[in-house]
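Novice: The structure's right below; bear with me while I get my questions together.
The values are calculated or read from the model by the stated rules, or taken from the named source; none is laboratory data. Remember, predicted model here, so these are calculated numbers, not experimental data. Note that we place each Cβ from the backbone using ideal geometry, even for glycine, and neighbour counts take in every protein chain shown. The accessibility values were calculated without ligands, DNA or RNA, using every heavy atom of the protein model including side chains. Shrake-Rupley method; radii C 1.70, N 1.55, O 1.52, S 1.80 Å.
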Amino acid sequence: MDSALPCLKKSDGGRPMGEFLQVTEQCSGQSFRCKSGQSVLKAMEQQGLKCVPVGCRGGGCGFCKVTVLSGQYSCGKMSRMHVPPEALAQDQVLACRIYPLTDLIIECRPQQPAARHTNEHTTTKAMR
Amino acid sequence: MKKGVMRPGHVQIRVLDMDEAVKHYSDLLGLIEMDRDDQGRVYLKAWTEVDKFSVVLREADEPGMDFMAFKCLSEEVVDQLRGELAAFGCEIEDVPEGELKDCGRRVRFIAPTGHAFEIFATKKQTGKWGVGNHNPEAWPRGLEGMKATRFDHCLLYGPNLDETLNLFRDVLGFDLAEQVIAPDGKRVAQFLTVSTKAHDIAFIHHEEPGKFHHASFFLETWQDVLKAADLLSMTDTSIDIGPTRHGLTHGQTIYFFDPSGNRNEVFAGGDYHYPDHEPVTWDAEELGKAIFYHDRALNERFLSVLT
């Protein structure tokens, strides 16, 4: 099985590997370079940015959900629970499993901590 | 009080891509592929395990845990416990012999946390891989990667911890070895053992039922944990946290993710528990230290990234 399935929008026919593409996250205004074939999340992490939350990095947990506002990309396998077909149709995908084919503009709306993390008992005081 | 449940027997994990998953669990963790079935499931074991398999991988479009099973002393125990599980009010499903290859009938039940568990008594025994039980050598040659020695436990997230403790303690004979208590007195984490291990199954309170936090595999030494971390970097595998030590159970640990986002742990050392021991208690205010003994602070990913 190919790790990167072409999905959504039309491909530009593929660019040579090694080329850098620009990814811009709209809410933070942060921008980073992503190698062709590299996942958006990995590129962001490598450049020390935090505009998308990092979870399992395997398409399983849904932590890094973003909406692609413009540009073309291919995507790997993602949990259907977090990316059902209707979400995919609206370009709501996981940053760890999308591979830019052109420059991308993505949006990662900050989630309320309570939305992901409702357990009031799991706080702890910083000890350092 | 012991009720005839012996140990964790197997866990069935859903993966998004079977080839990637098999490579991860065999080449990296060092499990041994033992069989495949006509559903495409892959059966693996760690080398010290006597039974034929302990990990079953199933390809699906959503990762997570299908079920975890405990092995019992005899079929009579399974019959007895089936009755007690039904009386407790568990939803029960009888899974026929052979549904998993070379495994006898299993009794599946849903715990109040929403997770599916099974008890069974019969599984083909192929012996410790590569060494057997007659004048055995110390370890077999030809192990891969982290050389995991056994499937040890799972940590699961879900609601209704009190009822789940009642079920595991009163019906199945587990002991509460360790717990985390919130300021309002509510137990928010519970580590249960049916042996002398620090835990055979653990639960953390979470509103959403049936979530999978990790499956854990035992290594011999801290040096092995360090080398496991080396292998994670060599293979560019997603690391969650570690190497470090837990406060809870005091094991030496590293957490990482399989290619589908299911969390794995490999660990060494840790405490032991006997039935006459009082549970070890951590206050929730100290949860950072309880989970990561050196950092003494939680990371949100560890608490909320689940499959």
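Novice: With a/c under 1.5 counting as rounded, go ahead and sort the stretch B:118-258 into rounded, prolate or oblate using the C-alpha gyration tensor (a ≥ b ≥ c being the square roots of the eigenvalues; past the cut-off, prolate if a/b is larger than b/c, else oblate).
Specialist: Taking the square roots of the gyration eigenvalues as a ≥ b ≥ c, the stretch B:118-258 is oblate.
Novice: Sticking with this one: Run the accessible area of the stretch B:33-133 with a 1.4 Å probe and give the carbon-and-sulfur part as a rounded percent. Show your work: numbers first, answer last.
Specialist: Values: 1870 of 4180 Å².
Looking at the stretch B:33-133 in its full context, I get 45 percent from C and S.
Novice: How large is the charge dipole for chain B, taken about the Cα centre, if only the Cβ atoms of Lys, Arg (+1) and Asp, Glu (-1) carry charge, to the nearest 20 debye? Can you show the working numbers first?
Specialist: Details: 33 positive and 52 negative charges, 143 e Å.
Charge dipole of chain B: 680 debye, to the nearest 20.
Novice: Can you compute the charge dipole magnitude of the protein assembly as shown about its Cα centre, using +1 on each Lys and Arg Cβ and -1 on each Asp and Glu Cβ, nothing else charged? Give it in debye, rounded to the nearest 20. Write down the numbers at each step before the final one.
Specialist: On the way: 49 positive and 62 negative charges, 186 e Å.
Value, rounded to 20: 900 debye.
Novice: Roughly what would the spin-label model give for B:Val131 and B:Glu97, points 7 Å off Cα along C-beta, in nm?
Specialist: Modelled inter-label distance: 3.2 nm.
Novice: For the pair B:Lys23/B:Thr221, report the inter-label distance in nm, with labels modelled 7 Å from Cα in the Cβ direction.
Specialist: 3.1
Novice: At 1.4 Å probe size, what's the solvent-accessible area of B:Ser233? Round to the nearest 10 Å².
Specialist: Only protein atoms counted, so the area is about 80 Å².
Novice: Then there's this: Work out, step by step, the length gained on full extension between B:Asp79 and B:Thr281: first 0.36 nm times the residue separation, then minus their alpha carbon distance; give nm to one decimal.
Specialist: Details: separation 202, 0.36 × 202 = 72.72 nm, distance 3.43 nm.
Extra length available between B:Asp79 and B:Thr281 comes to 69.3 nm.
Novice: Turning to a different aspect of this structure: How crowded by other chains is B:62-72, given as the mean number of beta carbons from other chains within 10 Å of each beta carbon? Each step should come with its number before you reach the end.
Specialist: Values: counts 8, 11, 4, 0, 0, 0, 0, 0, 0, 0, 0.
Mean shielding count: 2.
Novice: Something else about it: Can you give the mean number of other chain Cβ atoms that lie within 10 Å of the Cβ atoms in peptide B:233-239?
Specialist: Values: counts 0, 0, 0, 2, 2, 9, 1.
Mean shielding count: 2.
Novice: Another question, then. State the antiparallel share, in %, of DSSP beta bridges confined to the stretch B:159-300, rounding to the nearest 5.
Specialist: Values: 21 of 29 bridges.
Of the beta bridges lying entirely in the stretch B:159-300, close to 70 percent run antiparallel.
Novice: Okay, moving on. Using the basic label-point model (7 angstrom from Cα toward the beta carbon), what is the A:Phe20 to A:Met81 distance in nanometres?
Specialist: Going by the 7 Å Cα→Cβ label model, 3.8 nm.
Novice: Another question, if that's okay. Evaluate E = 1/(1 + (r/R0)^6) for B:Trp139 and B:Asp38, where r is the Cβ-Cβ distance and R0 equals 51 Å; express this FRET efficiency to the nearest 0.05. Numbers along the way, then the final one.
Specialist: Numbers: r = 34 Å, r/R0 = 0.66.
It comes out at approximately 0.90.
Novice: Enumerate the amide H contacts of B:Asp35 below 5 Å, restricted to partners 5 or more residues apart or on another chain; note that Pro and chain-start residues carry no placed amide H.
Specialist: Residues meeting the amide H criterion: B:Tyr43.
Novice: Further, regarding this structure: Mind checking B:261-268 for the average number of partner chain beta-carbons within 10 Å of each residue's beta-carbon?
Specialist: On the way: counts 15, 4, 5, 0, 0, 0, 0, 0.
Average per residue, whole number: 3.
Novice: Shape of chain B from its Cα gyration tensor (a ≥ b ≥ c, root eigenvalues): rounded if a/c is under 1.5, otherwise prolate when a/b > b/c, or oblate?
Specialist: rounded
Novice: Give me the extension gain from B:His250 to B:Met234: residue separation times 0.36 nm, minus the current Cα-Cα distance, reported in nm with one decimal.
Specialist: Values: separation 16, 0.36 × 16 = 5.76 nm, distance 2.69 nm.
Gain on stretching B:His250 to B:Met234: 3.1 nm.
Novice: What accessible area per residue comes out for the protein assembly as shown, rounded to a whole number of Å², with a 1.4 Å probe? The partial results should precede the final answer.
Specialist: Numbers: 18450 Å² over 435 residues.
That works out to 42 Å² per residue.
Novice: Let me ask something else. With θ set to phi - 60°, apply the Karplus curve 6.51 cos²θ - 1.76 cosθ + 1.60 along the stretch B:116-129 and write out the HN-Hα couplings as whole Hz, x wherever there is a Gly or Pro.
Specialist: 8, 10, 9, 10, 7, 10, 10, 8, 4, 9, 9, x, 4, 5
Novice: Give the shape of the protein assembly as shown as rounded, prolate or oblate, defined through the alpha-carbon gyration tensor: a ≥ b ≥ c are the square roots of its eigenvalues, a/c under 1.5 means rounded, and otherwise the shape is prolate if a/b is larger than b/c and oblate if not.
Specialist: Prolate, because a/c is 1.5 or more and a/b exceeds b/c.
Novice: Can you tell which of B:Tyr274, B:Gly64, A:Ser28 lies farthest toward the positive end of the dipole of the protein assembly as shown, using +1 and -1 charges on the Cβ of basic and acidic side chains (Lys, Arg; Asp, Glu)?
Specialist: It is A:Ser28, whose Cα lies furthest towards the positive end.
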